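Comments concern the structure below.
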């Protein structure tokens, strides 16, 4: 009896391709369950430091910002943060500053001035937020949850009556106290 017959079967019973597929599946299972992984981005032995993250919110469509502030979105409050579609949890709001709405106005001499937007009932607000929390410090920068925090990253802020996106414009690592 031959080991491999004319139809590609081992000992006349097992297809060679099926045996190869079973071996690959077993090797993958061994690799997943028995060999240690490389770990997550945030390692257990990393230093935890306080950080401040400045976010800019452009064009938030809201009828009344005072209504937003009355329901918990205010200085000293907390907001839920989602970073790269991964929920981080709650983080403290250190400050909120509404930015004035301006429009560029060309001048007769060819220059451009930024003047206050004269339109009423614009329903659009720009804000500068500062959030503060604790992050793990890695060689690649601070990590909140399992997400690295870098300038330009989108943050999603969520609360009782709001859900909007912001973008990181500054990041400061504070001295541990």
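When segment 129-157 is filtered for residues that are part of a strand (DSSP E or B) and under 13 Å from the mean Cα position of the chain (by Cα), the ones remaining, listed by number, are 142, 143, 144, 147, 148, 154, 155, 156, 157. Given 117, 170, which one is more than 19 Å from residue 84 (Cβ to Cβ), surrounded by 12 or more Cβ atoms within 10 Å (Cβ to Cβ) and either in contact with a strand residue (DSSP E or B) (Cβ under 8 Å, 6 or more places away or on another chain) or not assigned by TED's automatic domain parsing to the domain that holds residue 73 (or both)? None of the others qualify; the one that does is 117.
So, in segment 134-155, of the ones that are closer than 14 Å to residue 87 by Cβ and crowded, with 17+ Cβ neighbours inside 10 Å, which residue ends up modelled with the highest pLDDT? Ranking the candidates gives 155 first.
A Cβ distance below 7 Å, combined with a sequence gap of six or more or placement on separate chains, defines the contacts here; from segment 102-131, residues that are in contact (Cβ under 8 Å) with a residue 24 or more places away in the chain and on the phi > 0 side of the Ramachandran plot reach residues that are assigned to a loop (DSSP other than H, G, I, E, B) and surrounded by 11 or more Cβ atoms within 10 Å (Cβ to Cβ) in the pairs 123/62.
The values are calculated or read from the model by the stated rules, or taken from the named source; none is laboratory data. Just so we're clear, the structure is a prediction, and the values are computed from it rather than from any experiment. Cβ coordinates were reconstructed from backbone atoms using ideal geometry, including for glycine residues, and neighbour counts include every protein chain displayed.
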